[in-house]
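As structure tokens, the structure follows; a few thoughts come after it.
The values are calculated or read from the model by the stated rules, or taken from the named source; none is laboratory data. From a predicted model like this one, the values you see are computed outputs, not experimental measurements. Because the Cβ atoms are built from the backbone with ideal geometry, glycine has one as well, and the counts that use them run over all protein chains shown. SASA here: full protein model, heavy atoms, side chains in, ligands and nucleic acids out. Shrake-Rupley method; radii C 1.70, N 1.55, O 1.52, S 1.80 Å.
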Amino acid sequence: MIDTRLAPYALTLLRLSLGVMFLAHAWLKVAVFTVPGFAGFMAQAGFPPALALPVIVAEAIGGLALLLGLYARAVSLALLPVLSGALMVHAGNGWVFNAPNGGWEYPAFLIVGALVQALAGDGALALRATPVPTSRRALAAAA
């Protein structure tokens, strides 16, 4: 049974946690790895190095949008390719994230968290909720 009184606050905690995580990872890539260093890592992992800056920008803007509650459902979906890329990078390293080069448990968990946010809602205290079509006509038009 879902507690409808508290569920919006649970989604807010999820949204804030995802937002902090995305901002922290963007900052890590800029301040510790550097943009050229991250681009080199991307190339070594088989991704185009030109994606380094767009990934950092997506994490930073997406993280800020999640913290503020700006279209959190849509932002969570939009960030799934970034999380999927991280999952692909870490997939060969084993399960646990403290394995050498990091395992795939953390990116997989973040994918699930982003999907829960997208499916369940923006949460309480969101500045701009993601519009969700509710009528059959609106759903058909969105498809």
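The table that follows gives values for the structure above.
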{"read-out": "Qualifying residue in region 69-80 (condition: over 10 Å from the mean Cα position of the chain (by Cα), basic (Lys, Arg) and open to solvent by 70 Å² or more (accessible area, probe 1.4 Å))", "value": "no"}
{"read-out": "Selection status of residue 64, part of a helix (DSSP H, G or I), in contact (Cβ under 8 Å) with a residue 12 or more places away in the chain and either in contact with a Cys (Cβ under 8 Å, 6 or more places away or on another chain) or within 14 Å of residue 16 (Cα to Cα) (or both)", "value": "yes"}
{"read-out": "Residue among 94, 37 that is farther than 25 Å from residue 133 by Cα, modelled with pLDDT of 95 or more, open to solvent by less than 50 Å² (accessible area, probe 1.4 Å) and out of contact with any helix residue (DSSP H, G or I) (no Cβ under 7 Å at 6 or more places or on another chain)", "value": "37"}
{"read-out": "Single unsatisfied condition, residue 125 versus (1) part of a loop (DSSP other than H, G, I, E, B); (2) open to solvent by 30 Å² or more (accessible area, probe 1.4 Å); (3) modelled with pLDDT under 95", "value": "(3)"}
{"read-out": "Flag if residue 102 is open to solvent by less than 70 Å² (accessible area, probe 1.4 Å) and over 24 Å from residue 11 (Cβ atoms)", "value": "yes"}
{"read-out": "Neighbours by Cβ (under 7 Å, 6+ apart or cross-chain): first from region 1-16, of a type in the set (D, E, K, R); second surrounded by 17 or more Cβ atoms within 10 Å (Cβ to Cβ)", "value": "15/66; 15/69; 15/72; 15/117; 15/122; 15/123"}
{"read-out": "Among the residues listed as 108, 91, 114, 86, the single one being touching a residue at least 40 places away in the same chain (Cβ under 8 Å), within 23 Å of residue 29 (Cα to Cα) and either not aliphatic (A, V, I, L, M) or not in a loop (DSSP other than H, G, I, E, B) (or both)", "value": "114"}
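Residue-by-condition table, conditions (1) open to solvent by 50 Å² or more (accessible area, probe 1.4 Å); (2) in contact with a helix residue (DSSP H, G or I) (Cβ under 8 Å, 6 or more places away or on another chain):
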residue: 13; (1), (2): yes, no
residue: 29; (1), (2): no, yes
residue: 46; (1), (2): yes, no
residue: 50; (1), (2): yes, yes
residue: 63; (1), (2): no, yes
residue: 66; (1), (2): no, yes
residue: 90; (1), (2): no, yes
